[in-house]
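Structure first, then comments.
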Amino acid sequence: FNRKGYATLAICSHCGHTFQCPRCSVNLHFHYQTAVLACHYCGYSIAVPSICPECNSGYVRFQGAGTEKLESELFRIFPKARISRWESGMQLAYDSADIFIATQAAIRHCQRRFSLVAVLAIDNALNNVDFRSSERAFQTLTALADMAEREMIVQTNMAGHYVLEAVASRNPGLFYAEELRQRRQLLFPPYRHFCFVKVRAAIEEKAASAARSLFEALAAAQKPAGVSVMAVSPAQVPRLRGNYYWQILLAAKNAQRMSDFLKKELKIFRRSGIIVTVDMDPE
């Protein structure tokens, strides 16, 4: 379960206004213990409002579940249990509780095993738009399975997914064969290299205009064999910490040829107030 806070969305049930970070294009998360709405990207936070700023009604509600809400539900179900919630940055005392609630960061920091490991909402990870979502879900579940002394329970509506079948049968070969089959069919890595050319600006129109101009220049330029300029679009999170992001996707069979092509073309691209970065084979 990889959502910090109590709820992932604060919304007015009267007018539909959602509370978003003014510096990032993401919803603010409700944190019950500190009574704030917070952005998990830039750290911006405000006190929990009792009145909607759009319609002045008092119908602000919270939706979605985070680790704090899970903690409150477990206290209700197991009133006599010692329950401890652990997130990145917290100290984990292994003997302090009967039930531990943790985000995915526990995999990197936890040094012990548990009699039972329960994984909630794994479908969110499996349905992520990133082509590596299945690979990352498999890595996470395999690590969590190693932490389970007796049993691991996974909440899912996709029990027949090859990732879950591979983890349940302890058969990584099943996962690798199906994942590589799909990637070969779609020409995803490792059968091609991907590259994001990222354009950043403090003004939205500047970022969009520069990204489109650069895309057109790259598409019209003489390219080495096997290099393709595929698409231009806003980044998955279009605004972060007050800056707007666009990205251009390129693909190639040979990473060095793509790198040489970009070095040559980016030397002649200049725009005031624009920062361009290159992410080769992005993680």
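Key figures for this structure:
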| item | result |
| --- | --- |
| Close pairs from region 44-64: first under 14 Å from SER13 (Cα atoms), partner among the charged types (D, E, K, R) and open to solvent by 50 Å² or more (accessible area, probe 1.4 Å), Cβ under 7 Å, at least 6 apart | none |
| Residues (of a type in the set (A, V, I, L, M), open to solvent by 80 Å² or more (accessible area, probe 1.4 Å) and either farther than 20 Å from ASP130 by Cα or free of Cβ contacts under 8 Å to residues at least 40 places away in the same chain (or both)) located in region 153-192 | ILE153, ALA168 |
| Flag if ALA211 is closer than 30 Å to CYS42 by Cα, surrounded by 12 or more Cβ atoms within 10 Å (Cβ to Cβ) and not β-branched (Val, Ile, Thr) | yes |
| Conditions (1) surrounded by 13 or more Cβ atoms within 10 Å (Cβ to Cβ); (2) within 27 Å of CYS39 (Cα to Cα); number of the one not met by VAL237 | (1) |
| Boolean, ALA255 is under 30 Å from ALA118 (Cα atoms) and either open to solvent by less than 90 Å² (accessible area, probe 1.4 Å) or more than 22 Å from the chain's Cα centre (by Cα) (or both) | no |
| Counted residues, region 240-252 - those being among the aliphatic types (A, V, I, L, M) and surrounded by fewer than 20 Cβ atoms within 10 Å (Cβ to Cβ) | 3 |
| Strands (runs of 3 or more DSSP E) wholly inside region 1-69 containing at least 2 residues that are surrounded by fewer than 17 Cβ atoms within 10 Å (Cβ to Cβ) and hydrophobic (A, V, I, L, M, F, W, C) | 45-47 |
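The values are calculated or read from the model by the stated rules, or taken from the named source; none is laboratory data. Being a predicted model, the structure only gives us computed values, none of them experimental. Ideal geometry is used to build each Cβ from the backbone, glycine not excepted, and the neighbour counts take in all protein chains shown. Accessible surface is based on the protein model in full, side chains and every heavy atom, while ligands, DNA and RNA are left aside. Shrake-Rupley method; radii C 1.70, N 1.55, O 1.52, S 1.80 Å.
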